[in-house]
Each structure stands twice: as C-alpha cells, then as structure tokens.
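J.: Sending over a structure as structure tokens; questions will come in a sec.
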Amino acid sequence: MTVPTLTLNNGVQIPQFGYGTWQVPPETAQDRVAEALELGYRHIDTAQMYGNEAGVGAAIAASGLPRDEVFVTTKLNNNRHDPAVVASSLDESLEKLQLDRVDLFLIHWPLPTTDIDFVDTWRAMEEVYSAGKARAIGVSNFQPSHLRRVVQEATVVPAVNQVEIHPYFTQDELRAVDSELGIATEAWSPLAQGQVFDDPALQAIASSTGRSVSQVVLRWHLQRGDIVFPKASSVERLKQNFDLFDFELSDADMSAVSALDAGRRIGPDPDTMAWIPEG
Ligand SMILES: NC(=O)c1ccc[n+]([C@@H]2O[C@H](COP(=O)([O-])OP(=O)(O)OC[C@H]3O[C@@H](n4cnc5c(N)ncnc54)[C@H](OP(=O)(O)O)[C@@H]3O)[C@@H](O)[C@H]2O)c1
C-alpha cells in the first residue's frame, strides 16, 4: 500500500501520488490537508493563485510529521513573472507555508502573449533554486515549443511539467517531449474535474475490476508513469482515491481508457492564456 516515488532529473524523489488543492477554500484547507496527511498522503500541490497556502502550512505544522516526509509544491502566480519579484514572491509563500524551502516551485502558466518572456522568468527561478529555497524547479502548462526554448536558452532543465491530462485529453505528444527532455510529467485535473464519473466505458471497467471510476482513472495515470494529485472534499473520497496500490489495470483496460482521448481540453489553452490577477 506504499505510494511509489519517482526520481526527478536532479535526483530529488517525488511521491507519484498526492493531494491537489485548487478550489479548496482557504478556510477549510487546513482541515482537508490534515485529513489527507492522516490518511497517508505525503505530497501536497498548492499555488499562490489558490489562496490557501497558509492552510496547507498550518496542517503540515500541526501534523508533527518530519519536514522531509512531506513533499510540497507551490506555483508562481501570473502577476509575479517579473524576474525582480520572483524571489520575494517565493519568500511570501514560504512564510505562509511555514517552511524554509519548498520541494518544488513551478511557473504556473507560460503567458507567451504577455510582455514578460517566460525564459527571463525561468532565469529568476534558477536563482531561487541556487539559493536553496526550492529543492527542484519546474513549469506548468508549457507546450513543446516553450519547453524547447527554456532548455536551449537557460541553464537548469525543468524537473517537471504540470499539464492538463485525463482520459479525454491524453497529451501523448507533449508527454513524449517531456520524456525526451528528461522532464517528469504531472497530470492536472486527472479526473477531468469530475467529468469521468458518468462515462459508460469507465463504469464498465470499474464494474469488471470491482473498483470505483475514480480508482480506475487514477490507476491509469499511475501506470502511464505520470504524477497525479486529485482534489477531493471529503474523507471518504480522499480515502477512496488513495486506495490504489493493491491492484493493476490490464493492458486491455489501459488501452480502453486511452481510447477515450478526444483531444478535448477542459482548461485554458496555454498558447493563448493571458489571465493575470490584480494585485
Ligand atoms: N497547474 C495548473 O494549471 C492546474 C490546473 C488545474 C488543476 N491543477 C492541480 O490539479 C489538481 C487536481 O485537479 P482538479 O482539482 O482540477 O480536478 P480533479 O482532481 O480532476 O477532479 C476533482 C473533482 O472530482 C471530484 N472527486 C474527486 N474524487 C472523487 C471520488 N472518489 N468520487 C467522486 N468524485 C470525486 C471532486 O469532488 P469534491 O471536491 O466535491 O469531493 C472534484 O469535483 C488541482 O487540485 C490542482 O492541484 C493544476
């Protein structure tokens, strides 16, 4: 029942499974993360944009777990791409998280149509990495062309690329580029934000394996080798989603899930996404 760990391109170990906290309200984040830690989750994905870093930090502090047993990711907000503010924004996150350093710090969106070049932002990320404030740095929502520019023009190869992936958007081409460049793939919205639950093909696999649709889909991600952190709002769901490590999908079931690919995004297109919060 142990969560597997993967080794990132700088040697840092990351639990392949964790808890995602987008849309977990600040006022309940501490309780939800505390429940997840109690159940055995050891990887928490948050972001400056989610507004819940303080709750995440409070739960980790209250858990009494040794610091090196919990893997914490946060992400640079879209209004903090100016290289001059990257370090101070991470300092603010660290204060909220009650940590000296995060395990992984990501550029949340590339924002390729805005004024600040993401390669310049990446160079500032390299500086916080050199300063020891993040054990690994990476990107999120980067397309192949964005990744190739970073790898060619900067020094540190991103450790991960966190992108939208689920049965309706399997992203095989992007995953192949990540792999070619030595970048681990993290799958966001692994349950397609809940859209998987009414799918007859997934319900059939759930029925034949005696598992839930959620477990079938999460198992499909894990067997493809991606890192996942589903969001859930109750102990029952957190527990069900964690119960993945004593069964395997057959090759036929893996293929049947992959065959649902429809090239359909739920989230924004990273090539055009330009949303910048105020403040
Ligand atoms: N980098 C990015 O740009 C980006 C973008 C989106 C997400 N993310 C990350 O990826 C994480 C996961 O993605 P997500 O939150 O978008 O969606 P998701 O994990 O694909 O789906 C979450 C939805 O599924 C429901 N759910 C979870 N487990 C369930 C179960 N066992 N049975 C029935 N329903 C279940 C949840 O309901 P309840 O909550 O009501 O229980 C929620 O509505 C985020 O939390 C965040 O950390 C990153």
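J.: Contact order normalised by length for region 130-279, with contacts defined as Cα pairs under 8 Å and 6 or more residues apart; what percent is it?
T.: 24 percent
J.: Mind running the shape call on region 150-279? Use the C-alpha gyration tensor, a ≥ b ≥ c as the square roots of the eigenvalues: rounded below 1.5 for a/c, prolate if a/b tops b/c, oblate otherwise.
T.: Since a/c reaches 1.5 and a/b is larger than b/c, the shape of region 150-279 is classed as prolate.
J.: Classify region 3-97 from the C-alpha gyration tensor, please: rounded if a/c falls under 1.5, else prolate or oblate depending on whether a/b exceeds b/c.
T.: It is oblate, given that a/c is not under 1.5 and a/b is not larger than b/c.
J.: Give me, ordered by chain and number, the residues 5 or more places off LEU6 or on other chains with an amide H under 5 Å from its own placed amide H.
T.: Residues meeting the amide H criterion: ILE14, GLN16.
J.: Restricting to the chain, compute how many DSSP beta bridges are antiparallel as a %, nearest 5.
T.: Of the beta bridges lying entirely in the chain, close to 15 percent run antiparallel.
J.: Based on the mean of other beta carbon atoms within 10 Å per residue, what is the order of 61-70, 93-102, 20-29, most packed first?
T.: The packing order, highest mean first, is 93-102, 20-29, 61-70.
J.: Give the percent of DSSP beta bridges with both residues in region 128-279 that are antiparallel, rounded to the nearest 5.
T.: In region 128-279, approximately 10 percent of DSSP beta bridges are antiparallel ones.
J.: Would you work out if the chain is rounded, prolate or oblate? Take a ≥ b ≥ c from the square roots of the eigenvalues of the alpha-carbon gyration tensor; rounded if a/c is under 1.5, else prolate when a/b is larger than b/c, oblate otherwise.
T.: oblate
J.: Taking 8 Å as the Cα distance limit and 6 or more residues as the minimum spacing, I'd like the relative contact order of region 1-124 as a percentage.
T.: Relative contact order, region 1-124: 21 percent.
J.: Count of lysine pairs in the chain with Cα atoms under 25 Å apart, counting only pairs 8 or more residues apart in sequence or on different chains?
T.: Qualifying lysine pairs in the chain: 6.
J.: Pairs of alpha-carbon atoms within less than 8 angstrom and 6+ residues apart define the contacts here; what relative contact order does the chain have, in percent?
T.: 20 percent
J.: Separate question: How far apart, in nm, are two points set 7 Å out from the Cα along the Cα-to-Cβ line at GLU92 and at SER255?
T.: Placing both labels 7 Å along Cα→Cβ, they lie 5.1 nm apart.
Readers should treat all values here as calculations from the given coordinates under stated rules, not as data from a laboratory. A quick note: this is a predicted structure, and the numbers were derived from the prediction, not measured. Don't worry about glycine lacking a Cβ; one is built from the backbone with ideal geometry, like all the others, and counts go over all protein chains shown.
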